[in-house]
1. Would you work out if the stretch 18-80 is rounded, prolate or oblate? Take a ≥ b ≥ c from the square roots of the eigenvalues of the alpha-carbon gyration tensor; rounded if a/c is under 1.5, else prolate when a/b is larger than b/c, oblate otherwise.
2. Go ahead and estimate [θ] at 222 nm for the chain from helices alone: -39,500 (n - 2.57) per DSSP H run with n ≥ 4, summed, over the residue count, rounded to 500.
3. Over the chain, what portion of Cα pair distances is larger than 23 Å, expressed as a whole percent?
4. If I take every Cα pair under 8 Å that is 6 or more residues apart in the stretch 22-109, average their sequence separation and divide by the length, what percent do I get for the relative contact order?
5. Using the Karplus curve 6.51 cos²θ - 1.76 cosθ + 1.60 with θ = phi - 60°, work out ³J(HN,Hα) for each residue of the stretch 61-77 in order, rounded to whole Hz, and write x for Gly and Pro.
6. Once you place label points 7 Å from the Cα toward the Cβ at residue 100 and residue 41, how far apart are they in nm?
7. Lone cysteines in the chain, going by a 4.7 Å Cβ-Cβ cut-off?
8. Given charges of +1 on the Cβ of Lys and Arg and -1 on the Cβ of Asp and Glu, with all other atoms neutral, how large is the dipole of the chain about its Cα centre, in debye to the nearest 20?
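Here, each number is a calculation from the coordinates, and none is a lab measurement. The structure presented is a predicted model; accordingly, all values stated were derived computationally and were not measured. Here Cβ is always computed from backbone atoms with ideal geometry, including for glycine, and neighbour counts include all displayed protein chains.
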Amino acid sequence: MRTSAAVSCGQDIAGNGCFSLGMISAFEGPLKNHGAWFYPRLYWECGAIGQVPYLQAEVSKIRSTGIGCFFDDPVHQIFGIEDMSYQSLYHFTVGGPVEDTRLTTSPAY
Ligand SMILES: Cc1cc2nc3c(=O)[nH]c(=O)nc-3n(C[C@H](O)[C@H](O)[C@H](O)COP(=O)(O)O)c2cc1C
């Protein structure tokens with residue numbers, strides 16, 4: 001729990017839920033093979049994958065959200081990544097929502 005929050009810029013939202021995850025992508029190889037344009041493409045893929053926890057959490061009556069603020073170096077250390085072969089690109093957290101009463105929420109549809 002503490003590790004999840006710590007690698008996510010100290011955000012409670014990453015440590016107090018059911019689980020959080022990091023999307024770790026093959027990095028140096030794909031960039032060398034396909035060129036620089038593949039860098040944003042990797043993020044595009046992370047975003048597409050991220051739609052799954054968003055939707056799955058909603059149908060499970062909980063919530064999830066993308067975590068864009070995280071420290072990649074400690075994440076790499078935890079997973080034993082010591083070179084550019086893999087890179088943590090996007091994180092996600094899943095859990096029960098905490099209502100922020102300072103905000104007004106309208107139904108989406
Ligand atoms: C790519 C991405 C990164 C995000 N990173 C964070 C984050 O690091 N911390 C956080 O609390 N929320 C994060 N969020 C969630 C957004 O802050 C959240 O979607 C927004 O507050 C929802 O506002 P809304 O309810 O007005 O749509 C992220 C969302 C996305 C799509």
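1. Numbers: a/c = 3.02, a/b = 1.56, b/c = 1.94.
It comes out oblate by the Cα gyration axes.
2. Numbers: 5 runs with 46 residues, N = 109.
Helix contribution divided over all residues of the chain: -12000 deg cm²/dmol.
3. Details: 2112 of 5886 pairs.
The share of Cα pairs beyond 23 Å in the chain comes to 36 percent.
4. Values: 85 pairs, mean separation 37.2, N = 88.
Contact order relative to length: 42 percent.
5. Couplings: 6, 10, 9, 8, 8, x, 10, x, 9, 8, 9, 6, 4, x, 4, 4, 4 Hz.
6. Going by the 7 Å Cα→Cβ label model, 3.6 nm.
7. 18, 46 - these cysteines have no disulfide-compatible partner (Cβ-Cβ under 4.7 Å) in the chain.
8. Values: 6 positive and 10 negative charges, 56 e Å.
The dipole of the chain has a size of about 260 debye.
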